[in-house]
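For reference, the structure discussed in these notes is given below.
The values are calculated or read from the model by the stated rules, or taken from the named source; none is laboratory data. The structure presented is a predicted model; accordingly, all values stated were derived computationally and were not measured. Here Cβ is always computed from backbone atoms with ideal geometry, including for glycine, and neighbour counts include all displayed protein chains.
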Amino acid sequence: MELNIVCIPGDGIGPEIVTEAKKVLDAVGEKFGHTMKYTDILMGGASIDVHGVPLTDEAIETAKGADAVLMGSIGGDTATSPWYKLEPNLRPEAGLLKLRKSLQLFANLRPAILYDELAGACPLKEEISKAGFDMMIMRELTGGLYFGERYTKEVDGKLVATDTLTYSEDEIRRIAIKGFDIAMKRRKKVTSVDKANVLDSSRLWRKVVEEVAKDYPQVTLEHMLVDNCAMQLVKDPAQFDVILTENMFGDILSDEASMVTGSIGMLASASLNDTRFGLYEPSHGSAPDIAGKDIANPIATVLSASMMLRYSFDLDKEADAIDGAVKKVLQDGYRTADIMPQEKEEAAAFKLVGCKEMGDLLTQRI
Ligand code: IPM
Ligand code: MG
């Protein structure tokens, strides 16, 4: 099969980690008889530097023409980079938001898994972490506060800023269906997270999710308020299977969940629309402080490529080969700096490797 993939290396460590992910994908192609066709587009700061905007219409068209998009990361240091002196709609992040919206990528899947091999990295007390956890945060990605009307105006000589949070029942229904579909393939539990004790949009969310749940009698549905969910994630993360939530809550909770794993350099994500098309990217940012030093962890991007094979191409065996290679490389004792134990004695049992070497080690294990 020919896989037509658009790559967005982006900024910071993005280009390095995407290079390694391509290496692993090529090895998969060779082993299973697929041809990988890559086309690069610019987004974020890399695009601002060349075109003056974070994403051009041509780049969007190129992405639309592909089967899937594999992204590294975008953005720079917000305190020092000249990109952040620009108007908000010309900054790197605006490119990502525009891409999500233009491709209608409304379903954002963010797995947060505590790997057995990295259990020591979990910042929670051992009595909590020993239960392990494996959750999927399903975040709505093209609605809510991110895309509502916003403006700042002067009222009686004072500035007043407004952002609006709107959800239609159709927007809620389509993400809820995705959430329940995913739950059916997992442990069949959905925790729908909202703020229904305060917000109208959350009350509608709850109502629509309950309607959708009727079509999934095997799935257990529970509702949880977002503030409680933030607590439960550190108190008892093992209770979660699928967390289904709106855009802003999902943004915040997914960062919290990834931190709880202690290994954000390992976490992948997928953003899907109603077709098989998807955008795949690591959950972490562009880490400008370590860019170009060959010390970044490429595993989250490699695992994003695995999600791409699974969700956009239905290539489960191939995706399993990547996931297996990641497990093996960890079992074999290789660690990039971010997942290396902090204590010297503990670290002595492992081999510290850079970004490129990690890519090679993974490639050899495909
Ligand atoms: C994320 C990021 C983005 C978001 C930013 C870069 C706009 O934090 O993907 O979670 O808030 O969605
Ligand atoms: Mg975020």
*Do we have Ala27 as closer than 21 Å to Ala296 by Cβ and part of a helix (DSSP H, G or I) here?*
yes
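Quick one: in the stretch 100-140, of everything that is assigned to a helix (DSSP H, G or I) and closer than 20 Å to Lys178 by Cα, which residue is farthest from the chain's Cα centre (by Cα)?
At the first step, the residues of the stretch 100-140 found to be assigned to a helix (DSSP H, G or I) are 100-102, 116-121, 126-129.
This time we only want the ones that are closer than 20 Å to Lys178 by Cα, so: 100-102.
Values: Arg100: 12, Lys101: 16, Ser102: 18 Å.
Looking at residues that are assigned to a helix (DSSP H, G or I) and closer than 20 Å to Lys178 by Cα, I get Ser102.
So is Leu303 more than 16 Å from ligand 2 (Cβ to nearest atom) and part of a helix (DSSP H, G or I) or not?
Yes; evaluated as a whole, the condition is true for this residue.
Pick out the one residue from Ile322, Ile295 that is more than 16 Å from ligand 1 (Cβ to nearest atom), in a helix (DSSP H, G or I) and closer than 19 Å to Met71 by Cα.
Ile322
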*Could you check Leu145 against (1) outside any helix (DSSP H, G or I); (2) in contact with a Leu (Cβ under 7 Å, 6 or more places away or on another chain); (3) within 18 Å of Arg100 (Cα to Cα); (4) touching a residue at least 40 places away in the same chain (Cβ under 8 Å) and say which number it fails?*
(1)
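Going through the stretch 90-99 one residue at a time, which ones are part of a helix (DSSP H, G or I), within 12 Å of ligand 1 (Cβ to nearest atom) and either free of Cβ contacts under 8 Å to residues at least 60 places away in the same chain or at positive phi (or both)? Break it down into steps so the answer makes sense when it comes.
Of the residues in the stretch 90-99, the ones part of a helix (DSSP H, G or I) are 90, 92-99.
Right, trim to within 12 Å of ligand 1 (Cβ to nearest atom) and you get 92-99.
If the condition is that a residue be part of a helix (DSSP H, G or I), within 12 Å of ligand 1 (Cβ to nearest atom) and either free of Cβ contacts under 8 Å to residues at least 60 places away in the same chain or at positive phi (or both), then Glu93, Ala94, Gly95, Leu96, Leu97, Lys98 are the ones that fit.
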*Consider Glu20 carefully, then state whether it is touching a residue at least 24 places away in the same chain (Cβ under 8 Å), more than 22 Å from Glu93 (Cα to Cα), of a type in the set (D, E, K, R) and buried (at least 20 other Cβ atoms within 10 Å of the Cβ).*
yes
*asked:* Exactly one of these conditions fails for Thr220: (1) within 16 Å of ligand 2 (Cβ to nearest atom); (2) more than 18 Å from the chain's Cα centre (by Cα); (3) among the hydroxyl-bearing types (Ser, Thr, Tyr). Give me its number.
replied: (1)
*In the stretch 58-89, which residues are surrounded by fewer than 20 Cβ atoms within 10 Å (Cβ to Cβ), part of a helix (DSSP H, G or I), more than 14 Å from ligand 1 (Cβ to nearest atom) and not basic (Lys, Arg)?*
Glu58, Ile60, Glu61, Thr62, Pro82
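If I ask for residues that are under 20 Å from the mean Cα position of the chain (by Cα) and assigned to a loop (DSSP other than H, G, I, E, B), which ones from the stretch 45-57 would you list?
Passing the criteria: Pro54, Leu55.
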*Given the conditions (1) within 16 Å of ligand 2 (Cβ to nearest atom); (2) within 19 Å of Tyr115 (Cβ to Cβ), which single one is not true for Met248?*
(2)
*How about the stretch 344-366: which of its residues are acidic (Asp, Glu) and either modelled with pLDDT of 95 or more or within 16 Å of Ser263 (Cα to Cα) (or both)?*
Glu357, Asp360
*Residues Ser102, Ser47, Ser129, Ser73: which one is of a type in the set (S, T, N, Q) and touching a Pro at 6+ places or on another chain (Cβ under 6 Å)?*
Ser47
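Anything in the stretch 37-55 that is surrounded by fewer than 19 Cβ atoms within 10 Å (Cβ to Cβ), hydrophobic (A, V, I, L, M, F, W, C) and in contact with a Gly (Cβ under 9 Å, 6 or more places away or on another chain)? List them, or say none. First the steps, then the outcome.
Start the filter on the stretch 37-55 by keeping residues that are surrounded by fewer than 19 Cβ atoms within 10 Å (Cβ to Cβ), which leaves 37-40, 49-53.
Subset that is hydrophobic (A, V, I, L, M, F, W, C): 50, 53.
Across the stretch 37-55, the qualifying residue is only Val53.
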*Return yes when Gly292 is within 16 Å of ligand 2 (Cβ to nearest atom), in contact (Cβ under 8 Å) with a residue 40 or more places away in the chain and out of contact with any Cys (no Cβ under 6 Å at 6 or more places or on another chain) and no when it is not.*
no
*Wholly within the stretch 174-290, strands (runs of 3 or more DSSP E) carrying at least 2 residues that are within 16 Å of ligand 1 (Cβ to nearest atom) and crowded, with 16+ Cβ neighbours inside 10 Å*: 242-245, 268-272, 278-282
_the stretch 103-138: number of residues that are basic (Lys, Arg) and surrounded by 16 or more Cβ atoms within 10 Å (Cβ to Cβ)_ = 1
*Taking Thr62 as meeting all but one of (1) more than 16 Å from ligand 2 (Cβ to nearest atom); (2) on the phi > 0 side of the Ramachandran plot; (3) within 23 Å of the chain's Cα centre (by Cα), write down the number of the exception.*
(2)
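With Gly132, Gly148, Gly120 as the choices, which residue is in contact with a strand residue (DSSP E or B) (Cβ under 9 Å, 6 or more places away or on another chain) and modelled with pLDDT under 95?
Values: Gly148 fails: modelled with pLDDT under 95; Gly120 fails: in contact with a strand residue (DSSP E or B) (Cβ under 9 Å, 6 or more places away or on another chain).
After applying the criteria, what remains is Gly132.
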